[in-house]
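Novice: Just dropping this structure here.
The values are calculated or read from the model by the stated rules, or taken from the named source; none is laboratory data. Everything quoted here is computed from the prediction, not taken from an experiment. Cβ: placed from backbone, ideal geometry, glycine included. Neighbour counts: every protein chain shown. Just so you know, the surface numbers come from the protein's heavy atoms only, side chains and all, with ligands and any DNA or RNA stripped out. Shrake-Rupley method; radii C 1.70, N 1.55, O 1.52, S 1.80 Å.
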Amino acid sequence: MPLPLKDRFTTPSRRPRWRWWVGTLVILAFWFIGGSVLSVVILPWTGVDLEGFFVEGDMFTSFPSWGFLLFALVSFIPLLVGVLVAYRFILGVKLRRLFASGVPFKMWRVGWGALTWVLVMAGPAIVAVVLSPEQFQTSFDWQSFLPYAVIALLLLPVQTTAEEVFFRGWLIQGLSQRYSSIWLLSVASGLLFALPHLANPEAVGALLPAMFGYGMVGFALAWVTIRDRSLEIAIGAHAANNLFAALVVGYEGGALPAEAPLVSSGDVDWSIDNLLSIVLIPLFIVISRLGHHKRQGPKKVTVAARS
């Protein structure tokens, strides 16, 4: 039997379908148009070689690592703003319902989501560093790393939160107006989350394995969101994932510049990564249940016997 609307991660009452469609178009316009404009506006302050960027077309090597990170991440600020604007003014729903639907939003669970993700999903990288340190470059430049780290700490949580409120907030709540199956919603969210990530450099030449890998991450973050009716765990886990890759153990040829103290050499091995995901993602889902918001069952009514 489908769950009633009040027990789903969605708006307190049904919103007309056209509002979701219009809101989605507004969000995408904020993201792609507003994000592009903001990146261009910030361009002169990124340390970019403008001749290399515009004339030679060598976009990626025209920046210092911190500058490219700044250029890329500011484009997510309009995405975050767009979701908030669409939710509040096009759907007409209070913003707290976007982050937690009918349950309190607990900040400590954001931290728990981050810690759980690092312990479970980043564990193999830590083990690999211990067992095979020769696979990781350990020489890095502090002068390059420090400004890069500052930008990462300031803007990566903005980027990941923007993606969460869109992919796990807006899209799931829209689909939950009609569907209540956690499996259906999690698979749909995972596929939609994977699509824009196929443009990442590490996905070139490996679209299907990358689709599966990113889809599994999206599935896990969607599952915990629908289960808890809250974005707490997903926001913390996504931020921890990106910050770990940027500041602790990174890899060459990825979407983020390789400025971490430890950098894995060679291409991403999607077969191993995906196999580990199949094993570790269920573990993450189980462990992250700590403190989750249980649904209230039907109240029992006791009728006192007449004396």
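Novice: Could you list all residues from region 119-139 that are β-branched (Val, Ile, Thr), farther than 27 Å from Trp66 by Cβ and either touching a residue at least 60 places away in the same chain (Cβ under 8 Å) or not in a helix (DSSP H, G or I) (or both)? Walk me through it before giving the result.
Specialist: Within region 119-139, the subset β-branched (Val, Ile, Thr) is 120, 126-127, 129-130, 138.
Still in the list and also farther than 27 Å from Trp66 by Cβ: 120, 127, 130.
Scanning region 119-139 gives a single hit, Val120.
Novice: Evaluate the following for Glu163: is it in contact with a strand residue (DSSP E or B) (Cβ under 8 Å, 6 or more places away or on another chain) and either charged (D, E, K, R) or closer than 22 Å to Val279 by Cα (or both)?
Specialist: Details: in contact with a strand residue (DSSP E or B) (Cβ under 8 Å, 6 or more places away or on another chain): no; either charged (D, E, K, R) or closer than 22 Å to Val279 by Cα (or both): yes.
Judged against the criteria, Glu163 is not a match.
Novice: Somewhere in region 273-285, is a residue assigned to a helix (DSSP H, G or I), of a type in the set (Val, Ile, Thr), in contact with a His (Cβ under 9 Å, 6 or more places away or on another chain) and in contact (Cβ under 8 Å) with a residue 24 or more places away in the chain? Full working, then the answer.
Specialist: Taking region 273-285 first, the residues assigned to a helix (DSSP H, G or I) are 273-285.
Retained after the next criterion (residues that are of a type in the set (Val, Ile, Thr)): 278-279, 281, 285.
Pick out the ones that are also in contact with a His (Cβ under 9 Å, 6 or more places away or on another chain) and you get none.
Looking for residues that are assigned to a helix (DSSP H, G or I), of a type in the set (Val, Ile, Thr), in contact with a His (Cβ under 9 Å, 6 or more places away or on another chain) and in contact (Cβ under 8 Å) with a residue 24 or more places away in the chain, one finds none in region 273-285, hence no.
Novice: Sticking with this one: Please indicate, with yes or no, whether at least one residue in region 244-263 is modelled with pLDDT under 85 and in contact with a Lys or Arg (Cβ under 6 Å, 6 or more places away or on another chain). Even if it seems obvious, please write down each step before you answer.
Specialist: Step one: of region 244-263, the residues modelled with pLDDT under 85 are 249-263.
Filter again for in contact with a Lys or Arg (Cβ under 6 Å, 6 or more places away or on another chain), leaving none.
No: region 244-263 contains no residue that is modelled with pLDDT under 85 and in contact with a Lys or Arg (Cβ under 6 Å, 6 or more places away or on another chain).
Novice: Test each condition in (1) surrounded by fewer than 20 Cβ atoms within 10 Å (Cβ to Cβ); (2) under 20 Å from Val217 (Cα atoms) for Val130 and report the one that comes out false.
Specialist: Among (1) surrounded by fewer than 20 Cβ atoms within 10 Å (Cβ to Cβ); (2) under 20 Å from Val217 (Cα atoms), the lone unmet condition for Val130 is (2).
Novice: Let me ask something else. How do the helices (runs of 4 or more DSSP H) wholly within region 1-118 filter down when requiring 2 or more residues that are at pLDDT below 95, touching a helix residue (DSSP H, G or I) at 6+ places or on another chain (Cβ under 9 Å) and buried (at least 19 other Cβ atoms within 10 Å of the Cβ): which remain? It would help to see each step written out before you state the result.
Specialist: Working: elements: 17-29, 35-42, 65-73, 77-85, 96-99.
Correct list: 65-73.
Novice: Now a separate question. Which ones in region 117-126 are in contact with a Leu (Cβ under 8 Å, 6 or more places away or on another chain) and not aliphatic (A, V, I, L, M)? Before the answer, list the steps.
Specialist: Our first condition is that a residue be in contact with a Leu (Cβ under 8 Å, 6 or more places away or on another chain); within region 117-126, this holds for 120-121, 123-124.
Once the filter is applied, which keeps residues that are in contact with a Leu (Cβ under 8 Å, 6 or more places away or on another chain) and not aliphatic (A, V, I, L, M), region 117-126 yields Gly123, Pro124.
Novice: Something else: Run down Leu221, Leu231, Leu207, Leu184 and say which single residue is within 24 Å of Leu283 (Cβ to Cβ) and open to solvent by 50 Å² or more (accessible area, probe 1.4 Å).
Specialist: The match here is Leu184.
Novice: Of the residues Phe68, Phe99, which single one is touching a residue at least 60 places away in the same chain (Cβ under 8 Å) and farther than 21 Å from Ser186 by Cα? Steps first, please.
Specialist: Working: Phe99 fails: farther than 21 Å from Ser186 by Cα.
Unique residue meeting the criteria: Phe68.
Novice: Let me ask something else. Would you be able to say whether some residue in region 279-292 is open to solvent by 20 Å² or more (accessible area, probe 1.4 Å) and at pLDDT below 80?
Specialist: Yes - at least one qualifying residue is present in region 279-292.
Novice: Continuing with the same structure: If we scan region 169-187, do we find a residue that is within 20 Å of Phe68 (Cα to Cα) and touching a Ser or Thr at 6+ places or on another chain (Cβ under 9 Å)?
Specialist: No.
Novice: So, one more: Using the structure shown, decide if Arg168 is touching a Phe, Trp or Tyr at 6+ places or on another chain (Cβ under 9 Å) and open to solvent by 10 Å² or more (accessible area, probe 1.4 Å). It would help to see each step written out before you state the result.
Specialist: Working: touching a Phe, Trp or Tyr at 6+ places or on another chain (Cβ under 9 Å): yes; open to solvent by 10 Å² or more (accessible area, probe 1.4 Å): no.
No; evaluated as a whole, the condition is false for this residue.
Novice: Having 2 or more residues that are among the aromatic types (Phe, Trp, Tyr) and touching a residue at least 40 places away in the same chain (Cβ under 8 Å) is the bar; report the helices (runs of 4 or more DSSP H) wholly within region 140-246 that clear it. Talk me through it step by step, then tell me what you get.
Specialist: Values: elements: 142-163, 171-176, 182-197, 207-228.
Fully inside region 140-246 and qualifying: 142-163, 207-228.
Novice: What single numbered condition from (1) closer than 24 Å to Ala86 by Cα; (2) at pLDDT below 95; (3) open to solvent by less than 10 Å² (accessible area, probe 1.4 Å) fails to hold for Tyr148?
Specialist: (1)
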